1. Name the pairs: first residue in region 200-226 and free of Cβ contacts under 8 Å to residues at least 24 places away in the same chain and closer than 21 Å to residue 152 by Cβ, second residue more than 16 Å from the ligand (Cβ to nearest atom) and in a helix (DSSP H, G or I), Cβ to Cβ under 7 Å, at least 6 apart or on different chains?
2. Considering only residues that are free of Cβ contacts under 8 Å to residues at least 60 places away in the same chain and in a strand (DSSP E or B), look in region 133-152 and name the one that is nearest to the ligand (Cβ to nearest atom).
3. Looking for whichever is within 16 Å of the ligand (Cβ to nearest atom), surrounded by 20 or more Cβ atoms within 10 Å (Cβ to Cβ), under 17 Å from the mean Cα position of the chain (by Cα) and touching a residue at least 12 places away in the same chain (Cβ under 8 Å) here; the options are 71, 107. Which one fits?
4. Taking the stated definitions as given, is residue 233 more than 20 Å from residue 84 (Cβ to Cβ) and within 11 Å of the ligand (Cβ to nearest atom)?
5. Of the residues 262, 344, 298, 304, only one is closer than 22 Å to residue 47 by Cβ, in contact with a strand residue (DSSP E or B) (Cβ under 9 Å, 6 or more places away or on another chain) and either buried (at least 16 other Cβ atoms within 10 Å of the Cβ) or free of Cβ contacts under 8 Å to residues at least 24 places away in the same chain (or both); which?
6. Could you list, in sequence order, the residues of region 153-175 that are under 25 Å from residue 97 (Cβ atoms) and more than 16 Å from the ligand (Cβ to nearest atom)?
7. Checking residue 258 against (1) under 13 Å from residue 334 (Cβ atoms); (2) away from the ligand (no atom under 15 Å from the Cβ); (3) in a loop (DSSP other than H, G, I, E, B), which test does it fail?
8. Between 246, 239, which is in contact with a helix residue (DSSP H, G or I) (Cβ under 8 Å, 6 or more places away or on another chain), within 14 Å of the ligand (Cβ to nearest atom) and on the phi > 0 side of the Ramachandran plot?
Ligand SMILES: Cc1ncc(COP(=O)(O)O)c(C=O)c1O
């Protein structure tokens, strides 16, 4: 069997047992609470992992972009929610084309967005389901007032080429919460706000079929999901230093690692690795998710990466590591690494290579 030690560094590995355990645990959580699981596959963009998630009971998948949706559809995953608004004419034409081959849901949060969606779908004889985005405090996209949601739901319902499927939110501000109780409070507030919005819609004869929430720390922390029908966690398949920092995962639950090599030790108290922001990204996390740096060296000894360049990581602390030695890194944000890597390697617990998955962003168009 080929060993990961034979592959040039930096190399991105995914440990099979940990990956499968994470997938099973989330599937169990969703079953326990009677929720549909629609994982956000932007975390990995690997159709084989998405297939595993579906095999373990996921009801469909979530993506952020049209290329992600296309890549997954090409691999037979045709129940897709695109959890970002699509408003550009050329993109909308692509969406119409995709909706002929897949059961597509798409986000909307504006009148202009719904008008464009409706026009392009109608022109092309296509139909898509729409989920209206609700802002429960993340202040990215979404409507924060129930009245706005009701008005837009009516627009969707009146458009022949659109079907009103429901509402969704992404409570991504959990990553900026102050501490674990604050994560719990955001999770509870998210459920409460979504239920309130769903009730307001129902009172107007617009009952949403889908009421969808999702971010890994909040779905793991929430104790009740009253009124929620679906969860869309993404990062949980891999976990990373941010999830460990905020308490949503243990280090043993982290499936994705980066193996790098010490290339320089210019003076005592500093060593340098052959990987930088071009693979690791430059996230540090914040507040409860603050990792204290740009990722952690976790083996053979522990260090925080204190400085990052495009192709260098600097550890400003003494260590016993020697030039030429390999180290294992736990990145701050696994989704970024999986997106930037040209390929990831599925490995067993001994470092044996089981599979090699090219990044479909590069190879699948
Ligand atoms: C719309 C949406 N849904 C779900 C998720 C999944 O969140 P997480 O990766 O924290 O599990 C994300 C993450 O960015 C998102 O943007």
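Values quoted throughout were computed directly from the atomic coordinates according to the rules given, and no laboratory measurement underlies them. Not measured: the values here are computed from a predicted model. Here Cβ is always computed from backbone atoms with ideal geometry, including for glycine, and neighbour counts include all displayed protein chains.
1. Pairs found: 207/201.
2. Going through the qualifying residues, I end up with 133.
3. Answer to the selection: 107.
4. Criteria not met by residue 233.
5. Being closer than 22 Å to residue 47 by Cβ, in contact with a strand residue (DSSP E or B) (Cβ under 9 Å, 6 or more places away or on another chain) and either buried (at least 16 other Cβ atoms within 10 Å of the Cβ) or free of Cβ contacts under 8 Å to residues at least 24 places away in the same chain (or both) holds for just one of 262, 344, 298, 304, which is 344.
6. 155, 156, 157, 158, 159, 160, 161, 162, 163, 164
7. (3)
8. Result of the check over 246, 239: 239.
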